[in-house]
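Presented below is the structure to which this report refers.
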Amino acid sequence: MKKIAAVEVQGIFKTYKSGFFRPRFTMALQGIDLVIHEGELFGVLGPNGAGKSTLLNTIMGLITPDKGCVLISGNNTCGMFHHEVRASMNMSSGNPNYPWALTVREALNFYGMLYGIWGKKLHIKVDSLIELMELEKHANTRFDELSTGTKQRTSIAKSLLNDPKILLLDEPTSGMDPNISVKIRGLIKRLHGELKITVLLTTHMMREAEELCGRIAFIKDGKITALGTKEKIQKMTKSKNMEEAFIELAAD
């Protein structure tokens, strides 16, 4: 029996329109096909503006594609996400933007209630995530007063509130100091190993992709131009390391 993929993307196209009198069209995704296996830690690599965030938002159901389809654990999400499917997923944005006046604890409590968690269970869950993400000293700080890295850690904590089976991380260490980035990469690796969840992350950092991801898809101009392990991609580009491979694949 064929094993059902955690995420299957079939022929996704997405175009953005800007302007009114002289509209401009930008092809963000151009025929993306992708299969992510259950329990995989998969990376989407590419330069800024390549379509990485659009792909994650489409998988999460936050963006409707112009054409194509997304299957989550075999469930066809074209047109509508079922509650059970959406409840099995969560996402940490690369540019988190929560209500500015809420403290870290208040924000986590708020989103926890949106996910249907209440009372003592919510209190325990929020406390455990604050400890996990080392947010104790920021727990009562308003979101607009947090550093970029602390906002990002709060976003990752939010994405774990509903114990997702599929976790999407958009640039998870963006804006963080090197020492915090190392901790976050270690945390992602530990979460993946201990919870046996499927993790899909976007990044433009070679070290992050090398350290975390079993397979990598390189995306440029909305198209996947390379797919495989880092060894396969380096061999394909005749590169000594992923940094050289990135430069080769990103070149015009």
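The values are calculated or read from the model by the stated rules, or taken from the named source; none is laboratory data. A quick note: this is a predicted structure, and the numbers were derived from the prediction, not measured. No Cβ is skipped: glycine too gets one built from the backbone with ideal geometry, and neighbour counts run over all protein chains shown.
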For region 7-37 the number of residues that are assigned to a loop (DSSP other than H, G, I, E, B) and modelled with pLDDT of 95 or more is 1
State which residue pairs qualify: first residue free of Cβ contacts under 8 Å to residues at least 40 places away in the same chain and inside region 159-170, second residue charged (D, E, K, R) in any location, beta carbons under 9 Å apart, and separation of 6 or more residues or different chains.
-> Asp163/Lys125
Pick from region 141-200, criterion farther than 30 Å from Glu84 by Cβ and acidic (Asp, Glu), ranking: modelled with the lowest pLDDT | Asp177
Tell me which of these Leu102 doesn't satisfy, since it passes every other one: (1) touching a strand residue (DSSP E or B) at 6+ places or on another chain (Cβ under 6 Å); (2) modelled with pLDDT of 85 or more; (3) not hydroxyl-bearing (Ser, Thr, Tyr).
-> (1)
Qualifying residues in region 84-113 (those that are over 20 Å from the mean Cα position of the chain (by Cα) and free of Cβ contacts under 8 Å to residues at least 24 places away in the same chain) - the one surrounded by the most Cβ atoms within 10 Å (Cβ to Cβ) = Asn109
Ile130 vs (1) assigned to a helix (DSSP H, G or I); (2) out of contact with any Asp or Glu (no Cβ under 8 Å at 6 or more places or on another chain); (3) surrounded by 13 or more Cβ atoms within 10 Å (Cβ to Cβ); (4) not basic (Lys, Arg): all pass except (2)
Return yes or no: is Gly74 of a type outside the set (S, T, N, Q), farther than 21 Å from Asn179 by Cα and either without any contact (Cβ under 8 Å) to a residue 60 or more places away in the chain or surrounded by fewer than 17 Cβ atoms within 10 Å (Cβ to Cβ) (or both)?
-> yes
Does region 56-67 include one or more residues that are buried (at least 19 other Cβ atoms within 10 Å of the Cβ) and part of a strand (DSSP E or B)?
-> no
Answer yes or no: is there a residue in region 104-115 that is in a loop (DSSP other than H, G, I, E, B) and either in contact with a helix residue (DSSP H, G or I) (Cβ under 6 Å, 6 or more places away or on another chain) or of a type in the set (A, V, I, L, M) (or both).
-> no
Would you mind finding the one in Gly11, Gly49 that is over 30 Å from Ala139 (Cβ atoms), surrounded by fewer than 14 Cβ atoms within 10 Å (Cβ to Cβ), small (Gly, Ala, Ser) and touching an Asp or Glu at 6+ places or on another chain (Cβ under 8 Å)?
-> Gly11
Do you know which residues across region 188-205 are within 15 Å of Asn90 (Cβ to Cβ) and of a type in the set (A, V, I, L, M)?
-> Ile188, Leu191, Leu195, Ile197, Val199, Leu200, Leu201
